[in-house]
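Peer 1: Take this structure first; my questions come after.
The values are calculated or read from the model by the stated rules, or taken from the named source; none is laboratory data. Predicted, not measured: the structure shown is a model, and the values here were computed from it. Cβ: placed from backbone, ideal geometry, glycine included. Neighbour counts: every protein chain shown. The area values use the complete protein model at the heavy-atom level, side chains included, leaving out ligands, DNA and RNA. Shrake-Rupley method; radii C 1.70, N 1.55, O 1.52, S 1.80 Å.
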Amino acid sequence: MTERTTNIAESKTDNTFRKLSIQVGLNGLSFCVLDTISNQILAFEKVDFQTPSTPYLMLKELKGILNQSETIGKDFSEVLVIHKNNLFSLVPKPLFNKEETPNYLKFNAKIMANDQIAHDDIPNQDIVNVYVPYTNVNNYIFDLFGEFEYKHSGTVLVSMLLNQNKAASEPVCYVQVSKKEMEVAIVSEKKLLFYNQFIYKTKEDSLYFLLFTLEQLKIDPEKVLLKLFGHIEEDDELYQLCHQYVRNTSVFVPTNSNFPLEEMENQTIDFTVLGSL
């Protein structure tokens, strides 16, 4: 079963000036269409899988939506695919060697001999994100739209957070919350200290991952700024639990220089997709 949410806006712009951003993952799909002339979000749609999917079933769901959805449309000037999975590793750029990409992943993820391995540069950080994209999705998108760009979700999210982070005297811990996953990024003085994804079942699981991360980085919960966003509000039990252990906890809405993300419905679509536009 899937849970689907859709929003549509009207636009008079020609289809050749529309950009499509798609996020694909085993827990769901997200779509966003941008009018590149007016910087207006024309449509955004999110599909949550009730149980974790497989790459094959995920692609089947993706095909069904793109083939049938009048909301998203067919013609675009740009297409970006965002691969969301935990098959990634962050590598310091001075140590990165393109010929060694499988070795960066083999200790953190189970990879197959025939897996394609890709990498993204994280701007201004001297960090390379090495990851396994969903090859079946890339092949389908190429057949459907022709040339397109793809990135890992961590690359997009970290870049967005770094662009809006101001130098602070204490580290800032960002947590994007979704129904089954949480992404944690810790930034200090415009530098990325940590990024990872966690799958959780209970709010106590989420708190454990958060506090364990802070402990490993030797960051004092009394001093760190904790900023929660995504599928969370101040009256949620998870927020209240985090606030018990991290004093400076708040819910915030990421900003984007091109258009105000705060105007988007917080729980309708991943900010990663919006931040990619």
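Matching residues to (1) open to solvent by 20 Å² or more (accessible area, probe 1.4 Å); (2) under 28 Å from LEU29 (Cα atoms); (3) of a type in the set (D, E, K, R); (4) assigned to a strand (DSSP E or B):
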residue: LYS151; (1), (2), (3), (4): yes, yes, yes, yes
residue: THR155; (1), (2), (3), (4): no, yes, no, no
residue: GLU170; (1), (2), (3), (4): yes, no, yes, no
residue: GLU183; (1), (2), (3), (4): no, yes, yes, yes
residue: ILE186; (1), (2), (3), (4): no, yes, no, yes
residue: GLN197; (1), (2), (3), (4): yes, yes, no, yes
residue: ASP205; (1), (2), (3), (4): yes, yes, yes, no
residue: TYR208; (1), (2), (3), (4): yes, yes, no, no
residue: THR213; (1), (2), (3), (4): no, yes, no, no
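Peer 1: Let me ask you something else. Could you grab me the full set of residues in region 87-109 that are part of a loop (DSSP other than H, G, I, E, B) and touching a residue at least 24 places away in the same chain (Cβ under 8 Å)?
Peer 2: Selection gives LEU87, PHE96.
Peer 1: I'd like to verify a number: residues in region 79-92 that are within 17 Å of PHE194 (Cβ to Cβ) and either in contact with a Phe, Trp or Tyr (Cβ under 6 Å, 6 or more places away or on another chain) or open to solvent by 70 Å² or more (accessible area, probe 1.4 Å) (or both), how many?
Peer 2: Going through region 79-92 one residue at a time, the tally reaches 4.
Peer 1: Oh, and also: From THR16, THR5, grab the single residue that is surrounded by fewer than 20 Cβ atoms within 10 Å (Cβ to Cβ), modelled with pLDDT under 85 and within 16 Å of PHE148 (Cβ to Cβ). Break it down stepwise before answering.
Peer 2: On the way: THR5 fails: within 16 Å of PHE148 (Cβ to Cβ).
Being surrounded by fewer than 20 Cβ atoms within 10 Å (Cβ to Cβ), modelled with pLDDT under 85 and within 16 Å of PHE148 (Cβ to Cβ) holds for just one of THR16, THR5, which is THR16.
Peer 1: Still on this structure, I have one more. Please state which one of ASN67, ASN129, ASN139 is part of a helix (DSSP H, G or I), at pLDDT 95 or above and not small (Gly, Ala, Ser). I'd like the intermediate steps shown before the answer.
Peer 2: Numbers: ASN67 fails: at pLDDT 95 or above; ASN129 fails: part of a helix (DSSP H, G or I).
Exactly one of ASN67, ASN129, ASN139 is part of a helix (DSSP H, G or I), at pLDDT 95 or above and not small (Gly, Ala, Ser), namely ASN139.
Peer 1: Please indicate, with yes or no, whether at least one residue in region 125-148 is touching a residue at least 40 places away in the same chain (Cβ under 8 Å), within 19 Å of the chain's Cα centre (by Cα), surrounded by fewer than 17 Cβ atoms within 10 Å (Cβ to Cβ) and under 21 Å from SER89 (Cα atoms).
Peer 2: The answer is no; no qualifying residue exists.
Peer 1: Additional query: Of a type in the set (Asp, Glu) and on the phi > 0 side of the Ramachandran plot: does that describe ASP143?
Peer 2: no
Peer 1: Filter region 110-124 down to residues that are modelled with pLDDT of 90 or more and in a loop (DSSP other than H, G, I, E, B) and give me whichever is farthest from GLN164 (Cα to Cα).
Peer 2: Here the answer is GLN116.
Peer 1: Anything in region 231-245 that is among the charged types (D, E, K, R) and either at pLDDT 95 or above or open to solvent by 80 Å² or more (accessible area, probe 1.4 Å) (or both)? List them, or say none. Spell out the reasoning first.
Peer 2: So in region 231-245, the residues among the charged types (D, E, K, R) come out as 233-237.
Scanning region 231-245 gives GLU234, ASP235, GLU237.
Peer 1: Hey, another quick one. Name the one entry in PHE107, PHE76 that is over 21 Å from the mean Cα position of the chain (by Cα) and crowded, with 19+ Cβ neighbours inside 10 Å.
Peer 2: One residue alone meets the criteria, PHE76.
Peer 1: Still on this model: I need the full set of residues from region 107-159 which are of a type in the set (Lys, Arg) and within 20 Å of ALA185 (Cβ to Cβ), in order please.
Peer 2: Result: LYS151, single match.
Peer 1: Look through ASN136, ASN108, ASN124, ASN163 and report the one residue that is on the phi > 0 side of the Ramachandran plot and polar (S, T, N, Q). Give the derivation first.
Peer 2: Numbers: ASN136 fails: on the phi > 0 side of the Ramachandran plot; ASN108 fails: on the phi > 0 side of the Ramachandran plot; ASN163 fails: on the phi > 0 side of the Ramachandran plot.
Unique residue meeting the criteria: ASN124.
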